[in-house]
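What follows is a single structure, written as structure tokens, with notes after it.
The values are calculated or read from the model by the stated rules, or taken from the named source; none is laboratory data. Values in this document were obtained by computation on a predicted structure and should not be read as measured data. Positions of Cβ are generated from backbone atoms using ideal geometry, with glycine treated the same way; all protein chains shown enter the neighbour counts. Each accessible area value is taken on the protein alone, full model and side chains, heavy atoms only, with ligands, DNA and RNA left out. Shrake-Rupley method; radii C 1.70, N 1.55, O 1.52, S 1.80 Å.
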Amino acid sequence: MKNNNLGIKKLEHIGIATKDSGAQALFEQLFDRPVYKEEVVDSEHVLTKFMQVGESKIELLSGTNDSNAISHFIEKRGPGIHHLAFEVHDIYKTFEAAKQMNLKVLNDAPKEGADNKLIFFIHPKSAGGILIEFCQEIKSS
């Protein structure tokens, strides 16, 4: 992989910070489909809810307490788009390529996230004001 090639396969999901359960009902009505998966990410104190929309997903995010990144995001900016997530071929190569490109990575290494994924984030200051997540499905052994 070249230093400027992050190995992106596709837009995996759009993360949307929500404050209440009304967002779920709204998105289920908009896309005429239910949330197919709910998962608490204990390490981040976040509840995630996923909807499949075409080849990509919508991830509704809400805090499980007042002291987490989603709650702080909502307090500062209000509910709305939190991040864009891109599926990559090799999360570790993408992580190294991002560092070589001098992008500010927010993690020491890829880590387990929601929806059976390894993930890491790029700081919005390195990405035109947008929080970027890179992810790769964890393969079962």
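State whether the stretch 1-83 is rounded, prolate or oblate according to the following rule on the C-alpha gyration tensor (a ≥ b ≥ c being the square roots of its eigenvalues): a/c under 1.5 gives rounded; otherwise a/b larger than b/c gives prolate, and the remaining case gives oblate. Could you put the intermediate results ahead of the total?
On the way: a/c = 1.98, a/b = 1.23, b/c = 1.61.
It comes out oblate by the Cα gyration axes.
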Quiz item: Check Thr64: other-chain or 5+ apart residues with amide H under 5 Å from its amide H, H built from backbone geometry?
Solution: Val46, Leu47
Quiz prompt | Degrees, to the nearest 10: 22-31 long Cα axis against longest axis of the chain | solution = 70
Quiz item: Per the 1.4 Å probe, what fraction of the accessible area of the chain, in percent, lies on carbon and sulfur atoms?
Solution: 50
Quiz item: Out of the DSSP beta bridges found with both residues in the chain, what percent are antiparallel (nearest 5)?
Solution: 75
Exercise. For Glu75, tell me the accessible area in Å² from a 1.4 Å probe, rounded to the nearest 10.
Key: 150
Quiz item: In square angstrom, rounded to the nearest 10, how much accessible surface does Asp32 have for a 1.4 Å probe?
Solution: 130
Quiz item: With the other protein chains left in place, how much accessible area per residue, in square angstrom, belongs to the stretch 1-111 at a 1.4 angstrom probe?
Solution: 60
Quiz item: Ranked from the most accessible area to the least, with a 1.4 Å probe and all protein chains present, what is the order of Phe120, Phe31?
Solution: Phe31, Phe120
Quiz item: When each pair of different Cα atoms in the stretch 17-132 is counted once in the 1/r mean, what is the Kirkwood radius in angstroms, to one decimal?
Solution: 15.2
Quiz item: Hey, what do the phi angles of the stretch 98-115 turn into as Karplus ³J(HN,Hα) couplings, whole Hz, using 6.51/-1.76/1.60 and θ = phi - 60°, x for Gly and Pro?
Solution: 4, 5, 5, 7, 6, 7, 7, 7, 9, 10, 6, 6, x, 9, 6, x, 6, 6
Exercise. Add +1 for every Lys or Arg and -1 for every Asp or Glu among the other residues with Cβ under 15 Å from the Cβ of Val35, and state the total.
Key: -3
Quiz item: What percent do you get for the relative contact order of the chain when only Cα pairs under 8 Å and 6+ apart count?
Solution: 27
Quiz item: Can you give the accessible area of Leu106 in Å² (nearest 10), computed on protein heavy atoms with a 1.4 Å probe?
Solution: 80
Quiz item: When the chain is treated as a GNM, springs tying every alpha-carbon pair under 10 Å, which of Asn102, Asn116, Asn68 comes out with the largest mean-square fluctuation?
Solution: Asn102
